[in-house]
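Working notes, structure below.
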Amino acid sequence: EDEKHKYVKGKKLGEGTYANVYLGHLRTDPSHLVAIKKIKVQKEYTEGMAPDAIRELKHLQELSHPNIISLLSVFSSKDQNLNLVLEYLPLGDLEMLIKDIEGVRYGAPDIKAWMGMLCRAIWFCHENFVLHRDIKPNNLLIAADGEVKLADFGLARSFSDPYRLMTSNVITRWYRPPELLFGAKHYSGAVDIWSVGLVFAELVIRTPYIAGDTEVHQVSLICQAVGTPTEEVWPGVSSLPEYTVPDPPNPVRGKDHYLATFGTAGQEGVDLLMSMLVLDPRKRITAREALQHAWWASEPKPTRKEDLPRKK
Ligand code: ADP
């Protein structure tokens, strides 16, 4: 293919867990900057894997939405490495804003604006039968016009076939929903909603809300923070392959508990947060329902994207 000749690779921008990221530009227009993400493929996978991965990623190229990073091109290089050409977004991510690295202040209207962008991105993915599966502040990149863009679809994959067995070892531990921690093999868009809820919580308290050191620890922290998943609140949960919870069980937390910690999000905000952190994935709010929630229309109104705080 000619895709790899369309772009010129420049200096290394950064290194991730499974990729190196380079600055690049369009050969025909050097002012058109891109990020080229070169995936490190494990040796045992190389044989014939790249074409498969490319086919999977091709349909992500068609996922065009203001709050989803544009995948401009996908190609494999001679060493069988997979190269993703992405929109260049050099202004950092939500993790940097949360951690206050640049001394940026933000408030409730800003959180509402960012959450709106995130919910619209997830709604669009789910409408198109794509699960993201790795939503976390560090995968929410900030564009020059203030839009937040969901990035890193490395784990994303179509769930158009609901009976396909899927691996439960996805999603960074802190943002992982209970059904995946219990080893569920069939799961839905609800996995992303749980992660979105934890991003929401983190934006409010400016520290990760449920930060376990191990999977077992993560489950026990969920039982403390949200409540213990039992047959009573989640019929069928005890049949999941890796179901174990600490004894004695904790009741599911009520609104007063959430208001005490997340009160700055307001009554409606706390109500939306609680409906994202519902233990039983079948009862968890969907992206579509989340977008219809009363929080968006209640005061304060979300900040306009051009007025959002950003690093200088
Ligand atoms: P991680 O998610 O572990 O940070 P990534 O592989 O996603 O790893 O990215 C590594 C680094 O490359 C990031 O920290 C960021 O500095 C840079 N980067 C990634 N994607 C882009 C992009 N689209 N535009 C600009 N810089 C990027």
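Some notes on this structure:
- The residue of the range 121-139 that is nearest to the chain's Cα centre (by Cα), among those that are surrounded by fewer than 19 Cβ atoms within 10 Å (Cβ to Cβ) and away from the ligand (no atom under 16 Å from the Cβ), is Phe124.
- The range 228-284, residues that are crowded, with 17+ Cβ neighbours inside 10 Å and at positive phi: Gly266
- Residues of the range 237-284 satisfying the condition of being among the aromatic types (Phe, Trp, Tyr) and either closer than 12 Å to Ala225 by Cα or at pLDDT below 95 (or both): Tyr258
- On the stretch given as the range 171-221, residues that are assigned to a loop (DSSP other than H, G, I, E, B), crowded, with 18+ Cβ neighbours inside 10 Å and hydrophobic (A, V, I, L, M, F, W, C) total 4.
- Taken together, the residues in the range 79-99 that are within 16 Å of Val199 (Cβ to Cβ) and either more than 17 Å from the chain's Cα centre (by Cα) or among the aliphatic types (A, V, I, L, M) (or both) amount to 5.
- In the range 254-269 there is at least one residue that is within 20 Å of the chain's Cα centre (by Cα) and not polar (S, T, N, Q).
- Candidates are the residues of the range 76-116 that are within 16 Å of the ligand (Cβ to nearest atom) and part of a helix (DSSP H, G or I); the one that is surrounded by the fewest Cβ atoms within 10 Å (Cβ to Cβ) is Glu95.
- Scanning the range 1-19 for residues that are within 9 Å of the ligand (Cβ to nearest atom), open to solvent by less than 100 Å² (accessible area, probe 1.4 Å) and over 16 Å from Pro90 (Cβ atoms) yields Tyr18, Ala19.
The values are calculated or read from the model by the stated rules, or taken from the named source; none is laboratory data. As the structure is a prediction and not an experimental result, all values here were calculated from the model. We place every Cβ from the backbone using ideal geometry, glycine too, and count neighbours over all the protein chains shown. These area figures cover heavy atoms from the full protein model, side chains too; ligands, DNA and RNA do not enter into them. Shrake-Rupley method; radii C 1.70, N 1.55, O 1.52, S 1.80 Å.
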